[in-house]
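Below is one structure. I have some questions about it.
The values are calculated or read from the model by the stated rules, or taken from the named source; none is laboratory data. Predicted model only: the values in this text are computed from it and were never measured. Glycine gets a Cβ as well: all are built from the backbone with ideal geometry, and neighbour counts include every protein chain shown.
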Amino acid sequence: MNMLVVLAWFLLFLGLALAFLELILPTGGILLATGGTAAAAGVVAGFFDKPVTGWTLLITTGFLSPVAWFAFFWLWPHTPLGRRFFLTPPGSDATFDSIPSIQALNNLVGREGLTTSHLRPSGTVEFDGKRVDCITEGMMLPPGTTVRCVRVSAGKVFVRQSDAAPAPLESPGLARELDFDLESE
């Protein structure tokens, strides 16, 4: 066998080996570029020997290149660098309701709290010394109103006024607008 043919095949397989080494040693594509250059030099060396050798190497490279790329992208996500490069999908138990802070809100159902801001219909309610953003079921409530948590849905806490009496109007201007007389009540 001619020494030029041996060199051509050696350069072709060296190119493939360097491309696979890029999987293990992250060199930023240097080994991949060097491997591609070595494979191309092997094909050129094959054409210098005989056209049949050159075409054989070119067809082999044409067949092995897609196989090598497929193997590269199939193996690469399983390497240390590939695991850092690709995002991992969330687990089957990773839902919105599995977040610990959302699960803690579920403990508020049935508990009473005191509004610390106007609920128009959303605002802040204090449950056992902790302030929580809440939403009423449509009513507007002034600060200082006792409310009960009726449900928690999608991270939102829904409250309802706990006593049967309606909350007093705070603003005399609002009472005049609504044609009410605060002193007559």
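Return yes or no: is Gly91 within 30 Å of Arg160 (Cβ to Cβ), part of a loop (DSSP other than H, G, I, E, B) and not aromatic (Phe, Trp, Tyr)? Walk me through how you get there before you give the answer.
Values: within 30 Å of Arg160 (Cβ to Cβ): no; part of a loop (DSSP other than H, G, I, E, B): yes; not aromatic (Phe, Trp, Tyr): yes.
Taking the combined requirement at face value, the residue does not satisfy it.
Mind listing whichever residues of segment 127-142 are surrounded by 15 or more Cβ atoms within 10 Å (Cβ to Cβ) and either assigned to a strand (DSSP E or B) or of a type outside the set (A, V, I, L, M, F, W, C) (or both)?
Listed by number, the residues that qualify are Phe127, Val132, Cys134, Ile135, Thr136, Leu141, Pro142.
I would also like to ask the following. From the residues in segment 106-156 that are without any contact (Cβ under 8 Å) to a residue 24 or more places away in the chain and basic (Lys, Arg), which one is farthest from Thr95 (Cα to Cα)?
So the residue we want is Arg120.
Just to be sure, is Leu23 hydrophobic (A, V, I, L, M, F, W, C), in contact with a Phe, Trp or Tyr (Cβ under 7 Å, 6 or more places away or on another chain) and assigned to a helix (DSSP H, G or I)?
Criteria met by Leu23.
A further question follows. Looking at this structure, is Asp93 charged (D, E, K, R), exposed (fewer than 11 other Cβ atoms within 10 Å of the Cβ) and either modelled with pLDDT under 75 or not assigned by TED's automatic domain parsing to the domain that holds Ala17 (or both)? Full working, then the answer.
Details: charged (D, E, K, R): yes; exposed (fewer than 11 other Cβ atoms within 10 Å of the Cβ): yes; either modelled with pLDDT under 75 or not assigned by TED's automatic domain parsing to the domain that holds Ala17 (or both): yes.
Judged against the criteria, Asp93 is a match.
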